[in-house]
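*Asks:* This is the structure, below, for whatever I ask next.
Every number here is computed from the coordinates shown, using simple stated rules; none is lab data. None of the values given here were measured: they were computed from a predicted structure. Glycine also receives a Cβ, built like all others from the backbone with ideal geometry; neighbour counts cover every protein chain displayed.
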Amino acid sequence: MSKNIMLYLRLIILLMLICSKTQAQPSRFIDETISSNWKTPVGLTFDTNGRMYVWEKGEKVFIVENNVKQETPIIDISEEVLDYGDHGLNGFALDPDFQKNGYVYLMDGALAVSSEKFALTIAPNPT
């Protein structure tokens, strides 16, 4: 019985050492909050004017300006798709010509066996 306890303790110590090393930032990285008040952010991207777009797993896309998240999402498809487990808004991309055509592309994991891809048009400079 004591052998099992010692083995268990060694395993815990080893896992703690591994986890502490994997969480450390490289020396030249900066850990900085650029915006807050998010439910489950998945990613971010920038348009050619430097405006930040952040998408949440819960099927919403927001614009962030001056480190402040706009209150109203520019895209909200939460009523139309699933948001549980690994499902949700997994990808968001601006068309390379977004400033002219307003095209954005979404990838949503709608069902366990498939995913949905959407192409939408939004105003490149929403107010």
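*Asks:* Rank-order 49-59, 93-103 by packing density, defined as the average count of other C-beta atoms within 10 Å over each peptide's residues, highest first. Could the numbers behind the result be given before it?
*Replies:* Values: 49-59: 17.8, 93-103: 14.2.
Those peptides, ordered most packed to least, come out 49-59, 93-103.
*Asks:* For the stretch 60-70, take each phi angle, set θ = phi - 60°, evaluate the Karplus expression 6.51 cos²θ - 1.76 cosθ + 1.60, and give the result in whole Hz per residue in order, putting x for glycine and proline.
*Replies:* 10, 10, 10, 9, 10, 10, 6, 6, 10, 6, 5
*Asks:* If I stretch the segment between ASN90 and MET6 completely, what's the gain in nm (0.36 nm per residue apart, minus their alpha carbon distance), one decimal?
*Replies:* Numbers: separation 84, 0.36 × 84 = 30.24 nm, distance 4.26 nm.
Full extension from ASN90 to MET6 adds 26.0 nm.
*Asks:* Calculate one ³J(HN,Hα) per residue across the stretch 87-101 by plugging θ = phi - 60° into the Karplus curve 6.51 cos²θ - 1.76 cosθ + 1.60, and present them in order as whole Hz with x for glycine and proline.
*Replies:* 7, x, 6, 8, x, 8, 9, 8, 4, x, 9, 3, 4, 9, 9
*Asks:* Please list, or write none, the aspartates and glutamates whose alpha carbon is within less than 17 Å of the alpha carbon of LYS69, excluding same-chain residues fewer than 8 places away.
*Replies:* Within the straight-line cut-off, LYS69 pairs with GLU32, ASP47, GLU56, GLU59.
*Asks:* Could you list which residues have their amide H under 5 Å from that of ILE75, counting only those 5 or more apart in sequence or on another chain, with H placed in the peptide plane?
*Replies:* So ILE75 has HN proximity to VAL61.
*Asks:* Determine ³J(HN,Hα), in whole Hz, for all residues of the stretch 8-15 in sequence, where each value follows from phi through the Karplus function 6.51 cos²θ - 1.76 cosθ + 1.60 and θ = phi - 60°; x replaces Gly and Pro.
*Replies:* Per-residue couplings from phi come out as 4, 5, 4, 5, 4, 4, 4, 5 Hz.
*Asks:* Under the rule of at least 5 residues apart or a separate chain, name every residue whose amide H is placed under 5 Å from the amide H of GLY43.
*Replies:* Hits under the 5 Å cutoff: TRP55.
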